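All remarks here apply to the structure that follows.
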Amino acid sequence: MQNALQIVYLIPLLPLIGFLINGLGRKHLSKSVISVIGSGVVLASFAISIWVFLQVKGGNTHEAHYFDFISVGDLKIPFAFKIDQLSSLFLLIITGVGFLIHVYSTSYMHEEKTEHFGRYFSYLNLFIFSMLLLVMGANFVIMFIGWEGVGLCSYLLIGYWFKKTEYNKAANKAFIMNRIGDLAFLIAIFWLIQKLGTVTYSEVFTAANLAKLSTTDISVITLLLFVGATGKSAQIPLYTWLPDAMAGPTPVSALIHAATMVTAGIYMIARSNLLYSLAPLTMDIVAYVGLATALFAATIALKQNDIKKVLAYSTVSQLGFMFLALGCGAYTAAVFHVMTHAFFKALMFLGSGSVIHAMGGEQDIRNMGGLSKKLKITFITFLVGCIAIAGIPPFSGFFSKDAILLSAFAKNPVLYGIALFTALLTAFYMFRLLFITFTGKFRGTHEQEHHLHESPAPMTIPLIILAVLSIIGGFVGIPEVFMHGGDKLGEFLSPVITNHGEGHVSHSTEYILMGLSTGLVLIMIIFAWFKFKNYQRTEESGLGKVLENKWYVDELYDKVIVNPLHKFGGFLNSIFENKVVDGIVNGVGRAVSYSSRQFRLLQSGQVGNYILLMVGSIVLIFVLQFFLKR
Amino acid sequence: MIPVLLILIPLLAGLASFFIKNDKTVRSWALFSSLLTVVVAVLAVTVLKENKYLAHQCEWIPALGSSFSVKLDGMGQLLCLLTGIAYPLIFLGTWNSQYKNAKNFFALMLLSQAGLMGVFVAMDALLFYFFWELALIPVYFLCSQWGGEKRIRVTFKFFIYTFLGSVLMLIGILYLQSQTPNKSFGIQDFYNLDLPGKTQSWVFWLFFLAFAIKMPIFPFHTWQPDAYEQSPTATTMVLSGIMVKMGLLGLLRWLLPVLPIASYSWGDVTMSLAVAGIIYASLIAIRQDDIKRLVAYSSIAHIGLMCAAIFAENKSGTQGVMIQMFNHGINIIGLWIIVEIIEKRFGTRKMSELGGLAQKAPVMAIFFVIIALANIALPLTNAFVGEFLMFNGLLNAKSQYSLWFTVFAGVGIILGAVYTLNMIRKIFYGATNQVTEAAQDLKLNEKLSLGIIVALIFWIGVYPQAILNITDGISQTILEQTDISHLFKK
């Protein structure tokens, strides 16, 4: 039997084939064929990924070199894949969660026309392909290919319903914000090439090569990579595209804008952990930006009324937590949270899709209420998701969030305090969402009430599977205090990730911190219950209004950056280009024509004459030279 | 033999076209001739790439020290391949466009191809100048006879501007010839000149202005958006897809290796102009409503990057320019083909009057989106490799400002995404209106030409070495000739 590591190329190739079949055949294939192909290729990739994972777990890692992508002078960028602990873990998350979301989509998107149904699945497959390239690449350039590829798919899927101009604008915004980050990423790659002449991980992250980099180099490279990450992973200041990205179909939000793509930035930094650990300044910045984003987004989430917007800001906030962990040197904790977050956030997004489906497209939670009676599975699974994200033991979110809080405490208790406060806000806004949506009285129209129903099995089964994973997913990383050798994940990742500055917290302190956070979270949930169990619509004012309007950040960006640039472009276009640049050209032309009035007869303005004259002169010169010099 | 064939086939076919009366026949004749040319061009980069096939020399005007010396080096092979591929694509893609006096139109198109081939293979300065003019003259006529409403004024400006450049270059060429020991126009004699820095400095500007106008480089570009807009689209394709490469080739073959000291010392100035042009043109592109003008400004930005990368004078930058010259030609012709289809079907090029085409013409939308995304260098499309290498080259340029050049040029990447995505959105997305309501999707010939372009986009995007290998040797040679580090050691 062949070794799984020799056929890793099939993992991205299969979704690519799925993309081509569904994309080209979208007019000829039936919806069921499209569904089977679209989901089947991802399932196959998932199966191979499990196989690969088991091989890696057995201690085999692999670097597959296929061909030279770019080879210029000394610069060699191979098209190569690296299969190690970190990438194999991401493979499982991407293909596993990806498969569930494909299955869910077969039902959720069923009312689309066949042609668009095929288009949807081809984009989704293309996304999986790109995301797999991103994590499998053995160098930064292959990562960048996947990096921009997922951005493209995100753009295509946000603007999937392309008749709506608003959605298309959201898609453009996502792409452009990401491109700002991508530029920084690119420059970081060039910087590496300049200093080391290579971008291959196994060559960059060697002691000898790392020693060649000066402190400035390391700071610049890590900061640039981080700027790239703020674009893709929606951190301050480039986060504003993610909430708008909710214009895309809900399964897309679950897969791309929650579970996988937005965690690319975390993957990138975790992959470069050896570099980051050498850059204390960058580490501080990563931690502060992450924490600020977590807090900032959480405050906005408090007052959002669109079910998907709450989840979107929650995603931004959770990503902030992951960056906090990275900045504290707890790379494993960040990766751990990527995993558990993929489970419970995909779960909640798919749950919200089930709700939206039942409500006939309604997304405003003020018009919902009391849905628990009709949507039992959705309610229970959503509840599981909320408990998991709030961080109540033994649900998965508890373990990963606890690891992050602990790392923050080890770095600086103030960071811990703010992070804990943010975690409390998280519990509050998530349960606010849950209670407003599922408890109390129904506040929508009679028609909607009549239409309410639980979603069909292809939608509920993924919900149930994700709920189970959200409950048990944390057991791979049980902290040492509970169980010696319980941190299986940390052990597994240890060959590729060297955590930095972690520890130094006594067991008793750890118990106290855990008890404290769990107790406070429970209090927040009870508080939310009393406040929102019988929600009545109210108008916001004061700070509430500012939060509802997302701190007016979009407006600020428009005023400070977008509009001035637009106006400047207008000035260049209508005034500078015509009056100054072309004005000088025409002025010179006029001056020449003025001074050469005597040649007026020749200046008939007929280009033909000029050309004739020119050609004639050239010929004459040639002929004269020819005869004179003979 | 091959370079002579590449010139002769279109030249003779073009002359013959003047005598074909039937519109349909002349169209097929032009396509046939261009297919013949592309076969020869492909042979030149594949099986017949030995020296004996690629070079040819005979007497031309011995009294002047000028000979008919033509040779296909790697850069020549690539650009002749581009020229070879471009013309059938243009003829095929615009097959449905009707022209008055079709025989003259196609004759002039083919003559311009002959001139371009000559420019790319000439290894004698006077011959180079001769072909330079030969390529331009048909284009003046094409623009002035078959152009839009403002064609006379625009062609006049285009003519005066480029003619001025040509004259400056001619002066430069004559001066250099007078400096050679054997009074020769041969390129090797030019390379051996070794002029003092001060002399190089002013001769540099004679050549640079000619090339800068041709590319064009900010602030010598104002003829270009008008000319692109007013020319018949088939001519615009020639102008933007291939002719701008005359300027780039001029820099690489006739300027840097001949005047290495001046090229180095003026490098910061030229790179500044080029990079400023990227941002300038991109900002203006954002504000365009006419698709042709938008693509025209976008092209100025892209050419700016190529020019800057040339003056970076390193392997990565030079190879990036080489591959990008090819990519830019292919991609922009693809864009123009769709622009032409839109203009012919809807009678407008204004984006504000279009919209919702993706519903009515999904195949067109897919092709356009792919080509537009290639135009902004998305990975796995051809332009990514070019831009990647050029940016890498720019950062490693031997200039104290190299980081700033890279960053500012990089802003162009972001602005490029802005105007490109807005263009896609305004033309193809949103709701349909009465203009686009009755839209038809692509016809077979259009699908065929765009299909070839898209295939090239992905092929080069995934396996760029196919192109990079062609130009590897010549890039190295150019850099060695341009290298002046031995002067510092003395």
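Each row is one residue, and each column tells you yes or no for (1) buried (at least 21 other Cβ atoms within 10 Å of the Cβ); (2) closer than 28 Å to B:G355 by Cβ; (3) modelled with pLDDT under 90; (4) among the acidic types (D, E).
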site: A:S154; (1), (2), (3), (4): yes, yes, no, no
site: A:M177; (1), (2), (3), (4): yes, yes, no, no
site: A:G181; (1), (2), (3), (4): yes, no, no, no
site: A:A188; (1), (2), (3), (4): yes, no, no, no
site: A:Y201; (1), (2), (3), (4): yes, no, no, no
site: A:T216; (1), (2), (3), (4): no, no, no, no
site: A:S219; (1), (2), (3), (4): no, no, no, no
site: A:T222; (1), (2), (3), (4): yes, no, no, no
site: A:L225; (1), (2), (3), (4): yes, no, no, no
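Considering B:L239, B:L206, B:L164, which residue is within 14 Å of chain A (Cβ to nearest Cβ) and either touching a residue at least 12 places away in the same chain (Cβ under 8 Å) or surrounded by fewer than 22 Cβ atoms within 10 Å (Cβ to Cβ) (or both)?
Only one candidate qualifies: B:L164.
Looking only at helices (runs of 4 or more DSSP H) that fall completely inside segment A:129-247, which ones have 2 or more residues that are of a type in the set (A, V, I, L, M), within 13 Å of the chain's Cα centre (by Cα) and within 9 Å of chain B (Cβ to nearest Cβ)? First the steps, then the outcome.
Working: elements: A:140-158, A:165-196, A:201-204, A:207-212, A:215-232, A:241-244.
Once the helices (runs of 4 or more DSSP H) in segment A:129-247 are filtered for at least 2 residues that are of a type in the set (A, V, I, L, M), within 13 Å of the chain's Cα centre (by Cα) and within 9 Å of chain B (Cβ to nearest Cβ), nothing remains.
For segment A:388-403, state whether one or more residues are among the polar types (S, T, N, Q) and farther than 22 Å from A:E480 by Cβ.
As a first pass, look at segment A:388-403 and keep what is among the polar types (S, T, N, Q): A:396, A:400.
In the following step, the residues that additionally are farther than 22 Å from A:E480 by Cβ were identified as none.
The answer is no, given that none of the residues of segment A:388-403 is among the polar types (S, T, N, Q) and farther than 22 Å from A:E480 by Cβ.
Would you point out which residue out of A:I236, A:I145, A:I193 is touching a residue at least 12 places away in the same chain (Cβ under 8 Å), farther than 24 Å from A:D68 by Cα and among the hydrophobic types (A, V, I, L, M, F, W, C)? Show your work before the answer.
On the way: A:I145 fails: farther than 24 Å from A:D68 by Cα; A:I193 fails: farther than 24 Å from A:D68 by Cα.
The conditions single out A:I236.
Examine segment A:298-317 for a residue that is touching a Pro at 6+ places or on another chain (Cβ under 6 Å), outside any loop (DSSP other than H, G, I, E, B) and of a type in the set (A, V, I, L, M), and state whether such a residue exists.
Yes.
Which ones in segment B:261-285 are part of a helix (DSSP H, G or I), surrounded by fewer than 23 Cβ atoms within 10 Å (Cβ to Cβ) and touching a residue at least 40 places away in the same chain (Cβ under 8 Å)? Walk me through how you get there before you give the answer.
In the first step, residues of segment B:261-285 are kept if they are part of a helix (DSSP H, G or I); the result is B:261-265, B:267-285.
Applying the additional criterion that residues be surrounded by fewer than 23 Cβ atoms within 10 Å (Cβ to Cβ) yields B:261, B:264-265, B:267-270, B:272-273, B:276, B:279.
Passing the criteria: B:I261, B:Y264, B:S265, B:G267, B:D268, B:T270, B:S272, B:L273, B:A276, B:I279.
In segment B:10-55, what residues are outside any helix (DSSP H, G or I) and closer than 21 Å to B:L82 by Cα?
Here is the first cut: in segment B:10-55, the residues outside any helix (DSSP H, G or I) are B:18-22, B:46-50, B:55.
The answer is B:T46, B:V47, B:L48, B:K49, B:E50, B:A55.
Give me the pairs: first residue in segment B:33-57 and at pLDDT below 90, second residue surrounded by fewer than 16 Cβ atoms within 10 Å (Cβ to Cβ) and not β-branched (V, I, T), beta-carbon distance under 7 Å, and six or more apart or on different chains, which are they?
The qualifying pairs are B:Y53/B:M1; B:H56/B:M1.
Just checking, how many residues over segment B:202-221 are in contact with a helix residue (DSSP H, G or I) (Cβ under 6 Å, 6 or more places away or on another chain) and not in a loop (DSSP other than H, G, I, E, B)?
9
Tell me which residues, restricted to segment A:107-132, are surrounded by fewer than 24 Cβ atoms within 10 Å (Cβ to Cβ) and over 20 Å from A:S35 (Cα atoms).
none
Which of the residues belonging to segment A:520-545 are of a type in the set (A, V, I, L, M) and touching an Asp or Glu at 6+ places or on another chain (Cβ under 8 Å)?
Within segment A:520-545, the first condition is being of a type in the set (A, V, I, L, M), and the residues that meet it are A:520-526, A:528, A:543.
Correct list: empty.
Could you check segment A:413-520 for helices (runs of 4 or more DSSP H) lying wholly inside it with 3 or more residues that are in contact with a helix residue (DSSP H, G or I) (Cβ under 7 Å, 6 or more places away or on another chain)?
On the way: elements: A:413-438, A:446-451, A:457-472, A:488-493.
Of the helices (runs of 4 or more DSSP H) lying wholly inside segment A:413-520, those with at least 3 residues that are in contact with a helix residue (DSSP H, G or I) (Cβ under 7 Å, 6 or more places away or on another chain) span A:413-438, A:457-472, A:488-493.
Can you find a residue in segment B:445-460 that is touching a Lys or Arg at 6+ places or on another chain (Cβ under 7 Å), touching a residue at least 12 places away in the same chain (Cβ under 8 Å) and more than 12 Å from every other protein chain (Cβ to nearest Cβ)?
no
Just to check your reading of the model, which residue among B:L415, B:L380 is of a type in the set (A, V, I, L, M) and at positive phi? Break it down stepwise before answering.
Details: B:L415 fails: at positive phi.
Every option except B:L380 fails the conditions.
Take segment A:67-118 and flag every residue that is part of a loop (DSSP other than H, G, I, E, B), touching a helix residue (DSSP H, G or I) at 6+ places or on another chain (Cβ under 6 Å) and free of Cβ contacts under 8 Å to residues at least 24 places away in the same chain.
We begin by selecting, within segment A:67-118, every residue part of a loop (DSSP other than H, G, I, E, B); these are A:73-74, A:84, A:109-113.
The next check asks that each one be touching a helix residue (DSSP H, G or I) at 6+ places or on another chain (Cβ under 6 Å); those that pass are A:73, A:109.
Passing the criteria: only A:G73.
Restricting attention to segment B:431-490, which residues are in a loop (DSSP other than H, G, I, E, B) and closer than 23 Å to B:V42 by Cα? It would help to see each step written out before you state the result.
Our first condition is that a residue be in a loop (DSSP other than H, G, I, E, B); within segment B:431-490, this holds for B:431-443, B:463-464, B:483-484, B:490.
Across segment B:431-490, the qualifying residues are B:Y463, B:P464.
Got a sec? Which of B:S316, B:S352, B:S298, B:S282 is within 14 Å of chain A (Cβ to nearest Cβ) and at pLDDT below 90? Don't jump to the end; show me each part of the working.
Values: B:S316 fails: at pLDDT below 90; B:S298 fails: at pLDDT below 90; B:S282 fails: at pLDDT below 90.
Result of the check over B:S316, B:S352, B:S298, B:S282: B:S352.
Just one of the numbered conditions (1) more than 27 Å from the chain's Cα centre (by Cα); (2) crowded, with 17+ Cβ neighbours inside 10 Å; (3) more than 7 Å from chain A (Cβ to nearest Cβ) is not true of B:A409; which one?
The number of the failed condition is (1).
The values are calculated or read from the model by the stated rules, or taken from the named source; none is laboratory data. Remember, predicted model here, so these are calculated numbers, not experimental data. So basically every Cβ, Gly included, is an ideal-geometry build from the backbone, and we count neighbours across all protein chains shown.
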